[in-house]
Structures are given as C-alpha cells and as structure tokens.
Amino acid sequence: MWGIALIALVAGALLAVLVVRPRYRELERTVVERFNGRPWAVPARIYGDAFVLYPGIELEPTGFFTRLQRLGYREVTEPVRVRGEFRRDPHGSAVDLFLHEFHYPLHPEPGRAIRLELARGVMTQVRELETGNELFDVALEPEPLAGLYDQVWEERRVVPLARIPPRVVQAVLAIEDSRFYEHGAFDWRGILRAVVRNVAAGRIVEGGSTLTQQLMKNFFLSESRTFARKAKELAMAVIAERRYTKDQILELYLNEIYLGQSGVKGIFGVSEAAQFYFGKELSDVTTAEAALLAGLIRAPNAYSPLRSPDRARSRRDLVLAAMSAEGFLTEAEAAAARTDQVVLRRFALDRNAAPYFVDFVRRELAASYPPEALTGDGLRIFTSLDPEMQIAAEHAVGEGLTAIERRHPRLASTDPGERLEAALIALHPATGEIEAMVGGRDYRTTQFNRVTDAWRQPGSVFKPVVYFAALDPDGGAAHVLPTSPIADEPFTWPYEGRTWTPANYQDRYLGVVTIRRALEMSLNVATARVGFETGLPRIQTAAERLGFPGPLPAFPAMVLGSFEATPLTIAEVYAVLASQGQRTQARAVKQVANEADELVEGGRPLAITSVVSPQLTYLVTHLLEGVLERGTGRGVRASGFDRPAAGKTGTTNDYGDAWFAGYTPDLVTVVWVGFDRRRPLGLSGAQAALPIWTAFMREATAGRSARDFDVPEGVTLVTIDPTSGLRATPGCPETIVEAFLDADAPTEFCPMHGGIARGRAPTEVDDRDESDRGTGRGWWRRWF
Amino acid sequence: MATLVLTELVAFDAGPSVAAAPFVAAPPSATPYATVPVAAGLLVAALLAGCGAAPARQRSVPAAPPSRAAAPPVRTARSRPPAPPEVPPPPAALREDSGPLTAKIREGMPANRAAALRMTEQARGLIANGEQAHAIELLERAIAIDASVPYAYYFLAMAHYGAKHPALARPLLDRAQQKLAAEPYWLAEVQVLRGQIAEEEGRPADARAAYERALRVFPRNAAASAGLARLGAETDSAPPRDGAGGGAR
C-alpha cells in the first residue's frame, strides 16, 4: 500500500513536471501577453466632418435636427441637464443643447450647454448657458460613419476604471460577482450557491463563475461547455489573479463584455453601451441605467431594452434589488430607481453610411498604414464628408435614376450588370474637401466606384477647356473674346494626312455666332473651329494646367472630349475654374489621431497651387453662367435653383455618357449617368444628369448664404449688345453684361440701334451742361 | 490750322516783306482791297474747320462691376520726393490695419464671411500662442466657410511656417497676395512673411527683395525695415572673401 502510494506520488510529480507545468507556463504566457499588450483589436473609426454652428445658418434646411438624431441627442421638454439632451423653445426662438463630450485631437470639447438663439429659423447667436458668453467656435461633433474591422466589428470605447462611475461598478458586481474583491480566482461559496439554486430550479438559473473566469473565457476561450475548457478557464483565472490586481482585472472586464448588437457591429464595454442605448456619456448614466446595463451581461439580446422592454425592466429591477441587498443602495434609492423612466436614444436606421467614400478613405490610408493597423489600433480618422450632403446625394442619384427609368422603360433592367448607373461627387473648390461621394447606384450590388475608377469620355464637359485656351492671350498669341464671331458651319479639319468632319446635333447649324453663344449652346462645329484656330498644343497645355492628366491625345476630336477621364478628374478641373485658378487635390482624410488623441500620419493638410490666371477662369465662369441662363443648362434655373452658379452639360457622340458639371463659388458637383457596359443611353446630359445635379444642389446649398463669383482685378464687366458685341446704348433692345480682360474691353458703342452715329458715344450728342439748358449757349460752348 | 491761316492773313496784309507761311503762298496779283472778303471767308472757313477738330472727349468711365469690393479711397501724398523709376508710385490707402479682423464685420455682411473672419481672428491668437496645428485646423475651416476672406490664407501660411512647413506656406502666400492686391498694409505683411521664410531657408537675396517689396507698398512696415537692417548687419559682419582686399595667402 505504501508502495502504491509512493508510485502514485512519483507519477503525480512526474505528471506535474512534464505535463502540467509546461502547460501552465504556456497559459501564463498567453494571459500576460493579453494583459500587458493590446487587449483588443480596436477598429479604426471613420468620422464625417464636424458641423460648424455660426450665426446666419438656417437650422432646418441644413439638417441640424436630423444631425442631432443621428448623433444620438434626445429631445426633452425640461431644461437640459445632462450631455446629449436638447430642447426646442415652444416659440421657436431658441434651441438649448447640451453638447456631447468629444475628444478632438487638438482641443477636447468638454460638452457644454449652449443656447442657439433663432429668428425665423435662422441662428442669430450662440451663447454658453452657464455664463451667457457669446460663442463663435461651436460645432456639432463629427458623426461616425464606419469602422474598419478585420472579421468582427467590435465597437468599443475603452475607459479606465477611474472614469467608470461607481454606480456602474456596483451594479455589475452586485449581479455578477458580489464577492469579487474577497475571493481568489474562483469562489467556492458562489459555486455552491449556484449548485443549490440550479438544483432547486431544475435548470441553470445561476452561474458560479467569477468575473475573472468570465474575462478569461471571453478573452481566450470558446463557448463550449466542456470539462477541459472549464479547467483551462480556472487555470487562467488563477494566473490572472496571481499576477494582476483586482482593479486591473475589473477594468478589463468592464471594457470587454459584450452588451448587444447593432447590425454587424457588436457593442462591447460599458462606455460604448451607454452611448449606444442612451446616447450618453458613461459619466452621465443614472442608477437605473447603470442597473439596466449590468443586467444585459447575462444575455444581451434577451434582455435588450430595444427588443424586449419588459424583460429588460424586470432584469433591471433584479439588479437594483441585488444592489440594495449588497448595501450599495438604500431601499429608498432602489425604489426611486425602479420608477425611473429609462429613455432610450432614438435610432436612425443603422445604415452603412457613404460606403464608396469609406472605401476611398481606406485606399488613401493604405499608403500610410498596413491593414492590421487600420483594423486594430483604434485610430480615429476625421474626414471631410458632410453626412447630410451625402444623404442628399444618395437620394438625388436614387430618385434621379428611378425617374429616368420611369420615363424611359427601355432603360430599366433587373440584371445588375445591365442597370442604369450614376456617379456623383461634390467637393469644395477652395479646399478640395470631398463633401459627398456616390460611386454607384447600389453598393451592395457592386463596390465599383465610378467616381474614381470609371474612365468615360467627358464629351462636351471638356469644351470649357478649349475656350479657356482660346481666350488666353498668353505670350501675345492670337486670342478670342467672348464676343468674337465664329462660324457654326460645316467644315473639315485636316490632320496628319486625314480629315475630321465634326457635326452638330441633328445637323443643325446656326451660322455666325459669338464665342459665348457657341459655348452656351454647346455647338460642336463652332467649338471645333475654335479648337482649330487655337491649335491642339495650346489646348493640351491648358488641359494639363487645369488638371487633366496629360498629355491628352493630339487629334482633333479631342476638342469635343473624345478621350477618357474619371468624374473625379472632371470635378478637380472644374474646381480650378470655381476657385479662380487654384488647384487643390481632392482630399477625404483631414486628420488621423491615435488612441492617445495625438495626430499621426495620414491626414492631408490643405495644399494649393496657382495654376492659371484668375482673370481667365473668371471669363470662362462668366460664359458658363450663361449656359444656365440661356443655354443647354437652363433646366437648372427652370427647376428653381437660382443661386449664382455656372455649369456645362456633356453628352458623348454615341449617347453613351451623360454629364453635368457645375459649381457655385463654394461647391463643385459632377454627375455622370450611363451604363457600365457602354450601351447607348439615348439621353443628353441635360436630360439625364442635369436633374440629378439640380436636385442635389438645392439640398446641399439650402440654408447657407449665397455668394456670387468674385470679379478679380484685371477683368472689366461691360454691358454690351450681344449682336454687335459693342457697348450697349439705350436703344439696344437686348443687352448682356460681358466680361473682358481689361485690355480687351470694347470702347465703341453699338451703332445698330437708335440712330446713333457710328462710333459716337451717345453721351457726346446728348451731353449738355445742365446750367446751359434753355439759354441757347450749349452749342456755342460745345463749339468753342 | 486756324492759327496758321490767321498768321498768313496778317503776313499777307503786311506786305511782301513778311515771310510767307510754309504751305499757304501769297498770290502775286492780289490787290489790297481783295484781302477783306478773302480774309472773312478764310476766317469763316477757319472757324468751321475748328468745329470739326474739337478735342477728343474723355470716354465715359465704364460702370463699376457689380461684385467688386469698393476700392479704398485714393489719397496722394502732400509732398514726396520723386520716386525712383524702378519703384512704382506708392499705392492708395496707407492705413495701419493691425487691429482685430472682427472690426471688419459690418451690418449686412454675409454670415459666412463674418464667421470666417471670426475664425481667422481666433486662429491668429492661436498662432501667437504657438498652437500652430489648432490654428491650421481652424483656418482651413474658415476657408471652407468663405474662401473669399484673404486674411485666412495669409495666417494659414503663417501657421504652416511656424509648423516648419514652408513648402505649404508659399503657395498660400501667392493666393493671399492675389486677394490682398488692394490692401497695401496686408500686402506688405505677405512680403514680410516671404522674406522671413527666405531668411530661414538661407536665401538672403530673396529675403532682401521681399522686404524691399514690402516697404515699397507700405513704407512704415517695421518688420520689413528690421529685416533689411538684419540682413545688412549680417552682410557687414561677414568675413572678407579670399582675394577681396585681404592679405595674400
């Protein structure tokens, strides 16, 4: 017997040394690596741009209240008390808002209570509620657009234990592990109690696992209920308890636990859960809300207040009772908390916001970060996207395509590869910031981003470049004026032993027209003549300076846009016109911050280059304003968009591409419509793309001040007779204001109307000194 | 022409001893009594010819373009020595404009313009406090709100210069210069910043040229004067070059 015991002892020792000890060391290494390293892969979070609040903006048209909803703000009728609440004055004279706390990389926003004073829906002042001080630097925090995650999207805001409110800690301990600070890795008393209760109930009603065991299971182990898995869990719990403090373990636990689901996003940690369910900072949750969060731990989906409010309330009450039993709450406090109304945040449908744009951001960052850094290092990426504008863009594209198919059923198809498609990009001409991007009709069908990757013929949207080159007096070259005549009559352009004969739409020709008229009406033949007279090399140079990747093909048809470019390139070129000669590369990522809120690589500052003269760009802009007033783009005005704007329709020869490119001083938008497989659309840019552009621009510019294009030094505006191109007289039946370079401004008056001697100023005939009237001295004075 | 004809009339009346006018010769057979009707006729002809040769009238000035900001009023210096030919005459208003940009906000100013001016002024303070990165963020926002505010470009250039990004600052200064053409004070400030960048990059000639340009447009710019003085002092204190008056090696 002693021999057997000795053998058993030796065998046991050998087992411990050869099997258990190495296994223990391995588990220890695993636990230490996880605790000491990065406990979680925190996905990068992509934000849209902050919405700046300044006097003069109209709240409703700029989508202020829908922005609040998406950000999880709750409307209340009482004075705002905690962050995340807002209240509208019944008379519409003010909105009180308690801003969320937000950690901008350079300047934390602590979450201030502010008042927006209104007059007929227009913000007149912003004041801090507490001090009454007027504020000028307030913004709604950026909206989260998306996360970049590897396989599982774990949405989590890591918060140190010191910043977790005591009530939250107490609620969790009370319901999950009330003896956490007393026991070791496992709690024999808890295990025995659970066994007794489960046997009495005839089913599993209580677990005996400690928080440490739960943490080990969540970190490392599967959900399988096997003896081996349980043994490992216990061993790891022992290791953790030996090496780390209770507070360290608890902090990890409270940031680790799974507390719900939002679409593909898992909600992890108490801080994220507070934001998700209540739209609040963790520091602002009430006792009842803390109890509700703690109650979720056992079964987040079953006890979700979103799915089962009654079960959530019951579970919450159980937690409150446990808190009271543990002495964390008095009976009165528990009773009061039970009657608390838990107000959940209003949920906008969890949409995958701006998916094409998010892909574009990912591509931009790929140059600076490997995939694992983007999906695991918790970066915060601040972009230029305006979420409200993005929604307007998606809506305009969707509704626009549907309307086209309704009017032209032959264009509709259920085959995803044959469906009518569109692309829209909107960017700020002075900063290059991309404010909206729609790369296609339906991202779920195809992720092909037509804004950046669809190379299509620009057609007539290229024509402004031809006229730009023709107007340029650079180096003393012969140049045209907006009033110069050009023949819109059939002609043939010989080149390299061949010929090219352009034609107008429906073979209609207008004879001699002005440069202005030729561009306004998008006349192919007149434009070709302009190109012929200007010369391909000058046009190529102008195109490259404006931003087309060069060199463009040197054949005549190039002047009518017979080469390929992307909508993004077209937008960047038109941005040079809108910004009066300044080129800024389109950019999406403004700043990148790490978990410590430090700015890191990846953000792109504003970088500009002056590429062409402001005067020439103004001349072209002035011509393109006429496209909207009188030309092929007049549908814009007919649809009610009346802001100062310029634009150009574009249709390719085979009707394979329909474009509209247009801009205000502050926004450039390009729309393309067509089929991916280049089937003829049969519709012009004015028919297919212009309505989408107009619908978008009406929404995008609503509620903001309108601004006219600045007239640069070196440009003279002259009221002329459009027929003669000379200065208008009172007798001219039709006049327009034309822009000229100073040296080109006409000095002669129109002789065609009203009996004015040719070349004589009407003022020379009628100009008399007022003091001579009735005295007969006037003619004498004039003669002597 | 009328003068020439009249001169000839006088000469004709005075007899053959008076030299005849170059292109009107005296007829040898004319009698003294025929001069009066001839003179009267010539006088009338002269008067009629003078009417057709009325001096060219000043063309009416074109109407001011609608959107251009009002140019500052023209003031001429009361007494100034003739400017050297290579220096253009001093421009219009030479007012100091170093006050807060918010002072430019007027009743009726478009809201976004006022907001951009405020942001720019706030960024100015951040730059003074050494918070370049925050200033850059704020100024980019100001430009996004209203790109017509020229000062935003100037201060953005200054912030990038302070953050050691001169390559980003230079094109911003070009833009600011374009937009500040009618504001001599600020135009000079743009040149001063160009000069400072050039100094830091070890280009004293470019720096000197920039400071001189600053003083041409705004003679009272102290920073430009100090810059020139500094460059002059550095030149004076530079060691003599080999062979330039020093001893033989």
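Numerical summary
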quantity: Sequence of A:W659, A:W455 when ordered by accessible area, the most exposed leading, probe 1.4 angstrom; calculated: A:W455, A:W659
quantity: Under-5 Å amide H pairs with A:V138, H placed in peptide plane, nonlocal only; calculated: A:L53
quantity: Cβ-defined net charge surrounding A:L292, 10 Å radius [Lys, Arg +1; Asp, Glu -1]; calculated: 0
quantity: Helix axis angle, A:21-36 relative to chain A longest principal axis, alpha carbon, degrees; calculated: 40
quantity: Value of [θ]222 nm, deg cm²/dmol, for chain A, DSSP H segments ≥ 4, -39500 (n - 2.57) each, nearest 500; calculated: -11000 deg cm²/dmol
quantity: Apportionment of accessible area to carbon and sulfur, the range A:403-550, percent (1.4 Å); calculated: 50
quantity: Under 10 Å, Cβ to Cβ, from A:L424 - net charge with Lys/Arg +1 and Asp/Glu -1; calculated: 0
quantity: For A:V573, net neighbour charge (Lys/Arg +1, Asp/Glu -1) across residues whose Cβ lies under 15 Å away; calculated: +2
quantity: Exercise: per-residue mean of other protein chain Cβ atoms within 10 Å, B:175-187; calculated: 2
quantity: Solvent-accessible area of A:T716 with every protein chain in place, 1.4 Å probe, in Å² to the nearest 10; calculated: 30
quantity: Residue-by-residue Karplus 3J(HN,Hα) for the range A:79-87, coefficients 6.51, -1.76, 1.60, Hz, glycine and proline x; calculated: x, 5, 10, 10, 4, x, 10, 9, 9
quantity: A:Y369, A:Y467, reordered so the largest accessible area comes first (probe 1.4 Å); calculated: A:Y369, A:Y467
quantity: Alpha-carbon Rg/Rh ratio, for the range A:521-574, with Rh computed the Kirkwood way; calculated: 0.95
quantity: Mean-position separation - Cα centroids, the range B:131-204 and the range A:78-141, in angstrom; calculated: 32
quantity: A:K232, B:K164, A:K280, ranked by accessible area, largest first (probe 1.4 Å); calculated: B:K164, A:K232, A:K280
quantity: Dipole magnitude of chain A about its Cα centre (Cβ charges: Lys, Arg +1; Asp, Glu -1), debye to nearest 20; calculated: 2400
quantity: Sparse-neighbour loop sites [GluC sites (Glu not before Pro); the range A:495-572; at most 15 other C-beta within 10 Å; DSSP]; calculated: A:E496, A:E564
quantity: Buried solvent-accessible surface, both chains (A, B), 1.4 Å probe, Å² to nearest 100; calculated: 3600
quantity: Placed amide H near A:T210: partners under 5 Å, 5+ positions off or other chain; calculated: A:D187
quantity: Angle between chain A longest axis and helix A:355-366 axis [Cα atoms, degrees, rounded to 10]; calculated: 80
quantity: Qualifying chymotrypsin sites (Phe, Trp or Tyr not before Pro) for the range A:311-393 [loop in DSSP, other Cβ within 10 Å: at most 14]; calculated: A:F347
quantity: At most 12 other Cβ within 10 Å, DSSP loop - trypsin sites (Lys or Arg not before Pro), the range A:433-513; calculated: A:R444, A:R508
quantity: Accessible surface of A:F555 - all protein chains present, 1.4 Å probe, nearest 10 Å²; calculated: 70
quantity: Helix A:2-15 vs. chain A, principal-axis angle (Cα, 0 to 90°, nearest 10); calculated: 10
quantity: Karplus-derived 3J(HN,Hα), 6.51/-1.76/1.60, for each residue of the range A:557-562, Hz, glycine and proline x; calculated: 4, 4, 5, 9, x, 8
quantity: The range A:587-725: C-alpha gyration tensor shape, a/c 1.5 cut-off, then a/b vs b/c; calculated: oblate
quantity: Nonlocal amide H pairs with A:A146, under 5 Å, H built at 1.01 Å; calculated: A:I46
quantity: Shape category assigned to the range A:289-446 from the gyration tensor of Cα positions, a/c cut at 1.5; calculated: prolate
quantity: Accessible area expressed per residue, the range A:55-136, with surrounding protein chains retained (probe 1.4 Å, Å²); calculated: 47
quantity: Positive-end residue of A:L9, A:H622, A:L71, charge dipole of chain A with Cβ unit charges; calculated: A:L9
quantity: Karplus 3J(HN,Hα) series, Hz, for the range A:103-110 with 6.51 cos²θ - 1.76 cosθ + 1.60 (x for Gly, Pro); calculated: 9, 5, x, 9, 7, x, 9, x
quantity: With DNA, RNA and ligands ignored, accessible area of A:H100 (1.4 Å probe; Å², nearest 10); calculated: 10
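The values are calculated or read from the model by the stated rules, or taken from the named source; none is laboratory data. Just so it is clear, the model here is predicted, and its values are computed rather than measured. Glycine also receives a Cβ, built like all others from the backbone with ideal geometry; neighbour counts cover every protein chain displayed. For the accessible areas, the whole protein counts, side chains as well, though only heavy atoms, and no ligand, DNA or RNA atoms are used. Shrake-Rupley method; radii C 1.70, N 1.55, O 1.52, S 1.80 Å.
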